[in-house]
Amino acid sequence: MASITKKRICFITGTRAEYGLLYPLMKEVANDKQFVPQLIVTGSHLSKDFGATIDEIKKDGFVIDHKIDILSNSDDAKGISNAMGKVFSLLPAVLEKLSPSLIVVLGDRYEIFSVVGVANIMQIPIAHIHGGELTMGAIDDAFRHSITKMSHLHFASTEEYKKRIIQLGEDPKYVFNVGAMALDNIKLQKLYDKKRLENELGIKFRKKNIIVTFHPETISKRSSTGDFDELLGSLHKLKDTFVIFTYPNADAEGRALIKMIDRYVTEHPRQSVKFNSLGRLKYLSILQFVDAVVGNSSSGIIEGPLMKVATVNIGDRQKGRLRTASIIDCEPIEKEISKAIFKIYSSGFQTKLSNLKNPYGKGEASRNIKKVFSVTDFSVLLKKRFHDI
């Protein structure tokens, strides 16, 4: 009897946030004998400045097939362009060696754009997760939609995003609304209780607590450091509030923001703490005990509402994403940020939080994606047709 050829599923990850979302699907694939999992690690995972989060991947028990170091000490436009060039230069030999049946990517970053560009040239099918979304304050929008056009299987987090992918001309036969990957993590993880979390992180929660994650607005005419300074000004005014900072992405001005965080925590050691990377489990555990996610991270748009936590979303970086009543949008102006933070403690807003409806599925995204992998013949995916509406 002839042996059945296993499908080689290659995951490629470049950031901590993206890996955190991919984790449950990676586990599903690794535990299924019909697949051979492969893993390529690149981007900020390999940088000490951004937490060397490759160590987290290793602790989770995944075998890393290849590491591709692309970051330099510069995070300006030239440095990022050079990083993209390294992907185009170094990835082909790796993919030639691994010969994957399918490449799996998530999101909208420049590393992933470069990855799917290489994969298209090498005629390797691509599965893209979290397409169809909008982030008008970041260059990610252009990258995300381009990744969609270069991909062959599409897994959206809401029905609205599924429709947008089809609007881009993708075949509805290969577009699936599976829900948000973050909900899988929330359902599957056994989160830390407060005492264990405090011991693990060496912190002590106060009466009021917020977590701050602020990334550069990569297509804004304003300075991200100037916007962040407005946020820090609003934090100065808070009383009996513990501020937990997480570092930004490896984007333009990212290192400048890190220096500002370091300086603030040094000047306010009793009221604040910083982490270059919390990891998936600790981050979700923290959301149980904070009053708000403050900044402009997608975690405030997706994970925050799923955990019934308020979000103060600053500026335009996440403009265009689906909103829930837990999200307060404000301009990057100190007075407006302070007003938004004050609002989250009102009784009316707290009532909204307790009655939130989840628009992101049932926490079965990974299982649903794996089912599609199981029944799909990847060899027929490369010849795409444009779907006219």
State yes or no: is Ser89 farther than 20 Å from Glu253 by Cα, polar (S, T, N, Q), part of a helix (DSSP H, G or I) and without any contact (Cβ under 8 Å) to a residue 12 or more places away in the chain?
-> yes
Sole residue being within 19 Å of His215 (Cβ to Cβ) and surrounded by fewer than 22 Cβ atoms within 10 Å (Cβ to Cβ), chosen from Gly43, Gly14, Gly79 | Gly79
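When region 266-285 is examined, which residues are found to be assigned to a helix (DSSP H, G or I), closer than 19 Å to Tyr19 by Cα and out of contact with any helix residue (DSSP H, G or I) (no Cβ under 7 Å at 6 or more places or on another chain)?
Leu281, Tyr283
Looking only at strands (runs of 3 or more DSSP E) that lie completely in region 153-265, which have at least 3 residues being assigned by TED's automatic domain parsing to the domain that holds Ser285 and buried (at least 19 other Cβ atoms within 10 Å of the Cβ)?
Working: elements: 153-156, 175-177, 208-213, 241-246.
It comes to 208-213, 241-246.
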Identify, please: which residue in region 25-47 is at pLDDT below 95 and assigned to a helix (DSSP H, G or I) and is, among those, farthest from Asn368 (Cα to Cα)?
-> Leu46
Within region 92-118, count every residue that is of a type outside the set (Lys, Arg) and outside any helix (DSSP H, G or I).
-> 10
Across region 289-313, what is the total count of residues that are in contact with a helix residue (DSSP H, G or I) (Cβ under 6 Å, 6 or more places away or on another chain) and either closer than 21 Å to Asn249 by Cα or of a type outside the set (A, V, I, L, M) (or both)?
-> 8
Quick one: is Asn276 touching a residue at least 12 places away in the same chain (Cβ under 8 Å) and either touching a His at 6+ places or on another chain (Cβ under 6 Å) or among the basic types (Lys, Arg) (or both)?
-> no
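Can you spot a residue in region 304-321 that is small (Gly, Ala, Ser), in contact with a His (Cβ under 9 Å, 6 or more places away or on another chain) and under 27 Å from Gly179 (Cβ atoms)? Explain how you work it out, then say what you get.
First, pick out the residues of region 304-321 that are small (Gly, Ala, Ser): 304, 310, 315, 320.
Imposing the further condition that a residue be in contact with a His (Cβ under 9 Å, 6 or more places away or on another chain) reduces the set to none.
No, region 304-321 contains no residue that is small (Gly, Ala, Ser), in contact with a His (Cβ under 9 Å, 6 or more places away or on another chain) and under 27 Å from Gly179 (Cβ atoms).
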Considering only residues of region 339-389 that are under 25 Å from the mean Cα position of the chain (by Cα), part of a helix (DSSP H, G or I) and of a type in the set (A, V, I, L, M), which is modelled with the lowest pLDDT?
-> Leu353
When region 238-269 is examined, which residues are found to be over 24 Å from Lys339 (Cα atoms) and either polar (S, T, N, Q) or touching a Cys at 6+ places or on another chain (Cβ under 7 Å) (or both)?
-> Asn249, Thr266
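Return yes when Ile328 is in a helix (DSSP H, G or I) and either in contact with an Asp or Glu (Cβ under 8 Å, 6 or more places away or on another chain) or hydrophobic (A, V, I, L, M, F, W, C) (or both) and no when it is not. Give the derivation first.
Working: in a helix (DSSP H, G or I): no; either in contact with an Asp or Glu (Cβ under 8 Å, 6 or more places away or on another chain) or hydrophobic (A, V, I, L, M, F, W, C) (or both): yes.
So Ile328 fails the test.
Could you please give the count of residues in region 367-389 that are in contact with a helix residue (DSSP H, G or I) (Cβ under 6 Å, 6 or more places away or on another chain) and either exposed (fewer than 10 other Cβ atoms within 10 Å of the Cβ) or closer than 20 Å to Ile301 by Cβ (or both)?
Quick first cut of region 367-389, residues in contact with a helix residue (DSSP H, G or I) (Cβ under 6 Å, 6 or more places away or on another chain) only: 369-370.
Now narrow it down to the ones that are either exposed (fewer than 10 other Cβ atoms within 10 Å of the Cβ) or closer than 20 Å to Ile301 by Cβ (or both): none.
Total satisfying the criteria: 0.
The values are calculated or read from the model by the stated rules, or taken from the named source; none is laboratory data. Because the structure is predicted, anything quoted here is derived from the model rather than measured. Backbone-built Cβ (ideal geometry, glycine too); neighbour counts: all protein chains shown.
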